[in-house]
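The values are calculated or read from the model by the stated rules, or taken from the named source; none is laboratory data. This is a predicted model, so every value here is computed, not measured. Note that we place each Cβ from the backbone using ideal geometry, even for glycine, and neighbour counts take in every protein chain shown. When the accessible area is computed, the model is the full protein with side chains, heavy atoms only, and any ligands, DNA or RNA have been set aside. Shrake-Rupley method; radii C 1.70, N 1.55, O 1.52, S 1.80 Å.
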Amino acid sequence: MTVSYKELGLVNTREMFALAIKGGFAIPAYNFNNMEQLQAIIRGCVETDSPVIIQVSSGARKYADSTMLRYMALGAVEMVKAAGASIPIALHLDHGDTFELCKDCIDNGFSSVMIDGSHHPYEENVKLTRQVVEYAHPRNVTVEGELGVLAGIEDEVSSEVSHYTRPEEVQDFVGRTGVDSLAISIGTSHGAYKFKPGQPVPPLRFDILEECEKRLPGFPIVLHGASSVVPEYVEMINKYGGKLEGAVGVPEEQLRRAAKSAVCKINIDSDGRLAMTAVIRKVLGESPKEFDPRKYLGPARDELIKLIKHKNEHVLGSAGHGKEIVAAIG
Ligand code: G3H
Ligand code: 13P
Ligand code: ZN
C-alpha cells in the first residue's frame, strides 16, 4: 500500500527553500534513526519555531524499519499539533543511491529525496537524477542532486578524498535534470574527522560556492558534512572511556556564513551522535549500576534538544521561521 506524504501531514522543501534564500538562513536537516533522536529534533524545532527536514539514510531506514518510519513521521507531525505549534516538517531520503530506493521512499510517505549520483561519471549522474525527478515531480516530491564528491562515508558510497564541485557543470546539470536543490562539495566531509587538528581556519572553498551561486542565481544549494564536532562532546566522550583523537569539524562561523548565502539546507548528523554518546557515557560512567535505558537515553535526548535549539538560533538562523513557512504553504 502506497502513501503520499500529504496524508501524513508533511510538506516538500519548495517553500522552505524559497523563504530561506530570501531570508538569508538555512533549513536544518537533522538525521535520525530512533525515537529519542526524533523526539529531540521535534522538541528543539518546536521550541525555536523552526522549519525542519528530518532525514534518513538508507542504513537508517533499514535500522528503523521502513513501516515504523512512516508512523514515526506521522507521530512527529501529531506531536507538533499536540504542542499547539505549527512548524513545517519534510521527510527526506539522505544519499539515495538508486532509482528503486528513491521510488520506494516516495511511495512510502517521503516528501523529498536525494539521489546521490555524484560518484558516477557525469552523464550517468545526469541520467539517474533525471529518472528520479521524472518520478518525483508528478507526485510533488522535491529532489536533491549532488555534484562533486565529499570525502568519508556516504552510506553505500565512500571516498577517501573529496572532489570539489566544478562550477562550470552546475547550470547544465540543474537544467537537464530538473532538480530542486543541489548539494555541492566545497571541502567538508562526513563524520567526526573533517580537518587536521591545529589548522587555524579549515580551508572551505567559499570561492566555489560563490561561483555556483553566480551561475545559478537564487537556486537552493545544500551543504553536507556540516557538523561542528563540538569539542565539549569530544572531550566528554574521551573522559568517560571513549577514544576520539583528533576529531575536528566545521567552525560555526563558517556555517553562519554559508547559511547567509545560497546554502539553504545544512545537514547535521555527527553532532547529534556525539551529543548523545557523550551524555550516555557520562551517565553510565558515573552510575555503573544503572540499567534502565530511560536513565541514560532521557538525559541524552535532553542534550540533543539543547544542541538543536543552539543550531537553529545561533548557527543556521532558522529559529522563528516555522509559522511563517506554514502560512506561505497555505
Ligand atoms: O551522510 C551520511 C549520514 O551521516 C548518514 O550516515 O549512513 O551512517 O546513516 P549513515
Ligand atoms: P556530518 O557527518 O557532518 O554530520 O554530515 C551529515 C550529512 O551530511 C548527512 O548527509
Ligand atoms: Zn551527506
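Key figures
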read-out	value
Options S181, S185, S159; residue that is of a type outside the set (D, E, K, R) and at pLDDT below 95	S159
Scope the range 15-63; condition in contact with a strand residue (DSSP E or B) (Cβ under 7 Å, 6 or more places away or on another chain) and more than 16 Å from ligand 3 (Cβ to nearest atom); matching residues	M16, F17, A20, I21, L38, I41, C45, S50, P51, V52
Subset of the range 302-330 (residues that are small (G, A, S), assigned to a loop (DSSP other than H, G, I, E, B) and open to solvent by less than 60 Å² (accessible area, probe 1.4 Å))	G317, S318, A319, G320
Residue list for the range 245-264, restricted to those being in a helix (DSSP H, G or I) and surrounded by fewer than 23 Cβ atoms within 10 Å (Cβ to Cβ)	E252, E253, Q254, R256, R257, K260
Whichever residue in the range 212-244 is among the small types (G, A, S) and touching a residue at least 40 places away in the same chain (Cβ under 8 Å) and, among such residues, is nearest to H95 (Cα to Cα)	G225
Check on Y135, more than 16 Å from ligand 1 (Cβ to nearest atom), closer than 23 Å to C212 by Cα and aromatic (F, W, Y)	no
Pick from the range 265-301, criterion part of a loop (DSSP other than H, G, I, E, B) and free of Cβ contacts under 8 Å to residues at least 60 places away in the same chain, ranking: farthest from A20 (Cα to Cα)	K289
Considering residues of the range 104-149 that are more than 19 Å from Q55 (Cα to Cα) and in a strand (DSSP E or B) only, the residue farthest from ligand 2 (Cβ to nearest atom)	L147
Residues located in the range 82-96, provided they are of a type outside the set (S, T, N, Q) and either surrounded by fewer than 21 Cβ atoms within 10 Å (Cβ to Cβ) or without any contact (Cβ under 8 Å) to a residue 40 or more places away in the chain (or both)	A82, A83, G84, A85, L93, G96
Matching entry among L74, L101 (being assigned to a helix (DSSP H, G or I), within 16 Å of ligand 2 (Cβ to nearest atom) and surrounded by fewer than 21 Cβ atoms within 10 Å (Cβ to Cβ))	L101
Out of G178, G225, G242, sole residue that is more than 20 Å from the chain's Cα centre (by Cα), closer than 23 Å to I308 by Cβ and either within 13 Å of ligand 1 (Cβ to nearest atom) or open to solvent by less than 30 Å² (accessible area, probe 1.4 Å) (or both)	G242
From Y135, Y122, Y164, residue being open to solvent by 50 Å² or more (accessible area, probe 1.4 Å), at pLDDT 95 or above and of a type in the set (F, W, Y)	Y122
